[in-house]
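J.: Let me give you the structure first, and then I'll get to my questions.
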Amino acid sequence: MGLNLGKTVVGFLSERAEQKFTARQIAQWVFENFPTECQEKKENSASIQTDDDLVQQIIREIASQRPSLQRRDSQLKTTEGRPRQYYWTEKTDQAEVAEAEETSASQSLIAGSGTLKEADLYPLLSEYLWSEFSVYSKRIDEKKSSNRHGPKGNKWLYPDIVGMENLTADWHQEVKDLVKEYADKKTKLWSFEVKILLNRSNVRESFFQAVSNSSWANFGYLAAAEIEGTDTLKELRMLFSLHGIGLIQIDPENPTESQILIPARERLEVDWATCNRLTEENKDFLQFLKLVRQFHQTEDPRPKDWDLPTGF
């Protein structure tokens, strides 16, 4: 009897609920546990010459069958980004987000456990921004806000991270002197809203929180450690086309391997009126703009004042 790959994949994942596996890991397990069926598959295909060819073919078939398997079994879910991971859960999308946020509020990063809180992502994102774009980043702590608007009144006002990109780092001094009269041409300002998890249940709220918090900047981003479901990424791409907020997937284990899944659309001018409101409400944002002003005046970004990786 031939291998029923779809049934095998569902069985493998359902027996290991909540654990996440790449298609390669699943294919390797299939190869090791169904030797007779795999040998038959190999013999029946002229294009499969080696065991590696066979595993690669199983990987392709898992990927091609994924949409139909998910339509049949809603408990089978996947993450976005690369490599995609497959898992089985009885939890609803809303329950997954609630659990992630509850964990974020109550637990710290536990070595080897994969348990994160949102605050753990801030230095990881800062490390990625510095290594990839040389962006000087700064945390905006909502606890330093005026809170004149009551509990959660600033939820849609402040980003979690802001950044400054020094456009003149490699410029000749003559050019630097020339643009002193045009200070807004020396930097690009970045803004980031950070989440532990994005899925269908919270994707729109999270995106529009990023729109509200970050659209004052030249570049606005929503950043997350986990993005679950093809529909989630489709929704984000559609929303990007309307509002221009980009998407970063943070790799908690290797921050420098984080990636931009959707590049932000550049805003040519900073919304200084919004910046003024933010400075009136939050001391961290005021300090951020002071650092930007000092850079324009001195051409020294003062690295020690920013949230740069250790050792810079």
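The values are calculated or read from the model by the stated rules, or taken from the named source; none is laboratory data. Predicted model, so just to flag it, every value in this text is computed and none were measured. Backbone-built Cβ (ideal geometry, glycine too); neighbour counts: all protein chains shown.
J.: Looking at this structure, is F219 at pLDDT 90 or above and crowded, with 22+ Cβ neighbours inside 10 Å? Explain how you work it out, then say what you get.
T.: Working: at pLDDT 90 or above: yes; crowded, with 22+ Cβ neighbours inside 10 Å: yes.
In short, yes.
J.: For the stretch 51-68, enumerate the residues that are at pLDDT below 85 and either closer than 12 Å to V30 by Cβ or surrounded by 17 or more Cβ atoms within 10 Å (Cβ to Cβ) (or both).
T.: Residue satisfying the conditions is R66 alone.
J.: Here's another thing I want to ask about it. Is it the case that some residue within the stretch 192-199 is under 23 Å from Q75 (Cβ atoms) and assigned to a helix (DSSP H, G or I)?
T.: No, every residue in the stretch 192-199 fails to be under 23 Å from Q75 (Cβ atoms) and assigned to a helix (DSSP H, G or I).
J.: I need a count of the residues in the stretch 31-50 that are over 29 Å from N254 (Cβ atoms), out of contact with any Asp or Glu (no Cβ under 9 Å at 6 or more places or on another chain) and not in a loop (DSSP other than H, G, I, E, B).
T.: We begin by selecting, within the stretch 31-50, every residue over 29 Å from N254 (Cβ atoms); these are 33-50.
Subsequent filtering for residues that are out of contact with any Asp or Glu (no Cβ under 9 Å at 6 or more places or on another chain) retains 33-37, 39-41, 43-44, 46, 48-50.
Then keep just the ones that are not in a loop (DSSP other than H, G, I, E, B); that gives 33, 35-37, 39-41, 43.
Residues flagged as over 29 Å from N254 (Cβ atoms), out of contact with any Asp or Glu (no Cβ under 9 Å at 6 or more places or on another chain) and not in a loop (DSSP other than H, G, I, E, B) within the stretch 31-50 amount to 8.
J.: Right, another one. Determine whether the stretch 2-16 contains at least one residue that is surrounded by fewer than 11 Cβ atoms within 10 Å (Cβ to Cβ) and either among the polar types (S, T, N, Q) or outside any helix (DSSP H, G or I) (or both). Steps first, please.
T.: Step one: of the stretch 2-16, the residues surrounded by fewer than 11 Cβ atoms within 10 Å (Cβ to Cβ) are 2, 7, 15.
Filter again for either among the polar types (S, T, N, Q) or outside any helix (DSSP H, G or I) (or both), leaving 2, 15.
Yes; the residues of the stretch 2-16 include at least one that is surrounded by fewer than 11 Cβ atoms within 10 Å (Cβ to Cβ) and either among the polar types (S, T, N, Q) or outside any helix (DSSP H, G or I) (or both).
J.: Tally up the residues in the stretch 150-186 that are surrounded by fewer than 17 Cβ atoms within 10 Å (Cβ to Cβ), modelled with pLDDT of 70 or more and small (G, A, S), please.
T.: 1
For (1) without any contact (Cβ under 8 Å) to a residue 24 or more places away in the chain; (2) crowded, with 16+ Cβ neighbours inside 10 Å, each residue gets a yes or a no:
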{"site": "K234", "(1), (2)": "yes, no"}
{"site": "S241", "(1), (2)": "yes, no"}
{"site": "I245", "(1), (2)": "no, yes"}
{"site": "L268", "(1), (2)": "no, no"}
{"site": "K283", "(1), (2)": "no, no"}
{"site": "V292", "(1), (2)": "no, yes"}
{"site": "P303", "(1), (2)": "no, no"}
